[in-house]
Amino acid sequence: MNLTTRRTRKVVAAATVLPVLLGLTACVGAKPSTPGEDGDDLRYGAAPVVHPDVTLHPDVVIVSGGSGAVRSVTDGGLTWRLDPDAGNADLLAPGKVMFVTGRGVGRVIDARRDGRDLAVTIGPVEITDVIQDGEFTSEQPVSLADATAYQFDDTFWGHPSTETPRSEPTTTTTVGRAPAVTVNAATLADTRSTTAAAPLSMAAAQPNELKVQGLCCADGVGARFSYRDSGLDLSGTIAFVMKRPSAKFHLEIDGSTITVAELQINGTAGVRIQVDATTTTGQNVHPVAFVPVNFSVPLESILGIPLSATVRQSIGIRTGFSAGHTTIKADGEYSLGGTMGFGYANGTFGPRWPGGLQVKRSLVDSVDGISVGANALLVDYDVKFFIGLGAVVFSAGLYAGLTTTVGITRGSSIGFGGLQGLANREGCNRADLTINARYGIGYTIPALVAKVINLFLRIFNATPIAAEGGIPHPPPVINLVNQHWVTNRPVCQH
C-alpha cells in the first residue's frame, strides 16, 4: 500500500539515524533527576523528551530522569522500582500511564512506597493510550541484524517455585500414553493437553524443565530447546531463517485514532528444524515456554520518542509416544520468500505475506530412530516483530508474526520385517508443516503469560488483562502453509 503523509513538514536525520516525525506534550514542572548511564539506558530504555510536535494522552505521566530514575525492575517486568523523588513520580496512581523510558511504559495498576523505592506495577497499554496525535515514519529500512538481547532478572511466570498467588499447579503437565493407532502429528495437533509454565534457563535441561535459549538476528530468529522428564530426553532447534532482516514502518495517529499505518519485515527466507528425542517410558508431556529474552534494536530518539524494534518468541512441545524405548531424529529446511507485514488506511488492512514454499532439505526423508509403535512429536514456535514502545511482556505498536508448527511422526518398524525391520530402522514416516500469520496495531501477550500475570494481579484487585488489544480485534489468523509429506513407498501412501 502506497502511503502519502498528511503533513508537509518533514524532518530528515543522518543516514545512521531512524527519522521519526514525533514530539511530545506532557506533564510539566518536573523536578530534575540524573539521566541514566549508557548501560542503564540499554537495560531500562531511553527517556522521552518533551517536544511540541506530538501530543500525549492526558493520562500519561512522564517520570523525569529516564533510566536514572529506575532502581530495578522485578516481577518479570511488571514492577518498576523508581526513585520516589524523581520528577512527576508523585503523580503516578492507578489508572495513569507511566512513561519513564521507552521500555518502561504501561497502565499503572498499583503505586506505593516500599522502603526507599516507589514500587509501580504496570499493565499493558495500546500505543493510542500513550500517543494522542503524532506521526512516525522510517525513511529507510532499519537493520535487525545488530539486535541486543534484553532480559529482566526475574520472570516469575518461568519459575513456579516463586511465591506468587496461583490457583493451580505450575509443574509441567504429563499425560498418559496415547493409543498407537491414533498417534500422528496431525491428530496430536488437535489434542492439546492443559499446560503450565516450566522453569527457564540457558543451561542444559534438568529433570522436569523446559530450557529455551533465544537466537537472533543476523541470519533470522529462533530458539534452542531441551527437556528432560518422565524418561524423555529431548533437544533441538527451530528457526525462522532470514537474510539481512530489516524493518520499515509508518504510523499516523490523530485524536487517539490510528488513521494510517504500514509495517514491512524484509528478508524472510524459510524455516529450519532439528530435533532429537528419546523416551524409555512412553510417557507424554506438553511443556510451553515464553522465551524471557527479547531482542531489540533501539531506534534513535527523534523529537522525543524512544521507539524500538523488538522480537518476541515462545515455544511449545507436544509428544505422542505410544511405546517406550523409542528414538526420533529429524532435520529439515524449507524456503519461504517474500515480505511480511501490512498496510492500513481508511479502516482497511492489506496484509502482505511470504509464499512459494520449497523443500530445501526434506524433514520426512531425514526421520530416523527406533520405533516399536507409532510415535509423534510436535513443536510450536511463535515469533512476533514489533515496532513501538515497551519490552519483554508488554510491547505496543505495529506487529506482524508467524506461528510455525512442525510435526514428525515415526511409524512402527515392526511391520517391516519384525525385529529385522526394527534393527534396520525401517518404517513409514510423516512430516507436517503449518505456518499461520497474524498482524495488527496494539499489543499482544503470550496467552500463558497473560494467565499467570492475571493471577499475580489479584493481589491488587486489578481488572484482568486481555492477551491482546488494538485493531483488528481479534487479530486475524491467516494460514500460509499447511502441507504434509510421507515416506515415498507405496505401502506408506495410505
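See the values below:
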| read-out | value |
| --- | --- |
| Extreme residue, farthest from the chain's Cα centre (by Cα), among residues of the stretch 365-388 that are open to solvent by less than 10 Å² (accessible area, probe 1.4 Å) and aliphatic (A, V, I, L, M) | Ala376 |
| Enumeration of residues in the stretch 414-443 that are assigned to a strand (DSSP E or B) and either open to solvent by less than 40 Å² (accessible area, probe 1.4 Å) or modelled with pLDDT under 85 (or both) | Asn429, Ala431, Asp432, Leu433, Thr434, Ile435, Ala437, Tyr439, Gly440, Ile441, Gly442, Tyr443 |
| Boolean, Thr310 is assigned to a strand (DSSP E or B), within 16 Å of Tyr399 (Cα to Cα), open to solvent by 10 Å² or more (accessible area, probe 1.4 Å) and not aromatic (Phe, Trp, Tyr) | no |
| Tally of residues being open to solvent by 10 Å² or more (accessible area, probe 1.4 Å) and closer than 30 Å to Phe249 by Cα across the stretch 313-325 | 1 |
| Filtered residues of the stretch 79-104 (kept if open to solvent by less than 10 Å² (accessible area, probe 1.4 Å), in contact with a Leu (Cβ under 8 Å, 6 or more places away or on another chain), within 10 Å of Val120 (Cα to Cα) and assigned to a strand (DSSP E or B)) | Leu82, Met98 |
| Members of the stretch 108-119 found to be of a type outside the set (A, V, I, L, M, F, W, C) and open to solvent by less than 30 Å² (accessible area, probe 1.4 Å), listed by number | Asp110, Asp117 |
| Test: residue in the stretch 226-233 that is open to solvent by less than 20 Å² (accessible area, probe 1.4 Å), aromatic (Phe, Trp, Tyr), within 18 Å of the chain's Cα centre (by Cα) and farther than 23 Å from Leu307 by Cα | no |
| Unmet criterion (only one of (1) surrounded by 19 or more Cβ atoms within 10 Å (Cβ to Cβ); (2) aliphatic (A, V, I, L, M); (3) touching a residue at least 60 places away in the same chain (Cβ under 8 Å)) for Leu215 | (3) |
| In the stretch 261-285, the residues that are β-branched (Val, Ile, Thr) and open to solvent by 20 Å² or more (accessible area, probe 1.4 Å) | Thr278, Thr280, Thr281 |
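Residue-by-condition table, conditions (1) surrounded by 23 or more Cβ atoms within 10 Å (Cβ to Cβ); (2) modelled with pLDDT under 85; (3) of a type in the set (Ser, Thr, Tyr); (4) assigned to a loop (DSSP other than H, G, I, E, B):
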site	(1), (2), (3), (4)
Gly106	yes, no, no, no
Thr121	yes, no, yes, no
Val125	yes, no, no, yes
Glu135	yes, no, no, no
Ala149	no, yes, no, no
Trp157	yes, yes, no, no
Thr162	no, yes, yes, yes
Arg166	no, yes, no, yes
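The values are calculated or read from the model by the stated rules, or taken from the named source; none is laboratory data. A quick note: this is a predicted structure, and the numbers were derived from the prediction, not measured. FYI the Cβ positions are ideal-geometry reconstructions off the backbone, even for glycines, and counts take in every protein chain you see. Quick note on the areas: whole protein, heavy atoms, side chains included, nothing else; ligands and nucleic acids left out. Shrake-Rupley method; radii C 1.70, N 1.55, O 1.52, S 1.80 Å.
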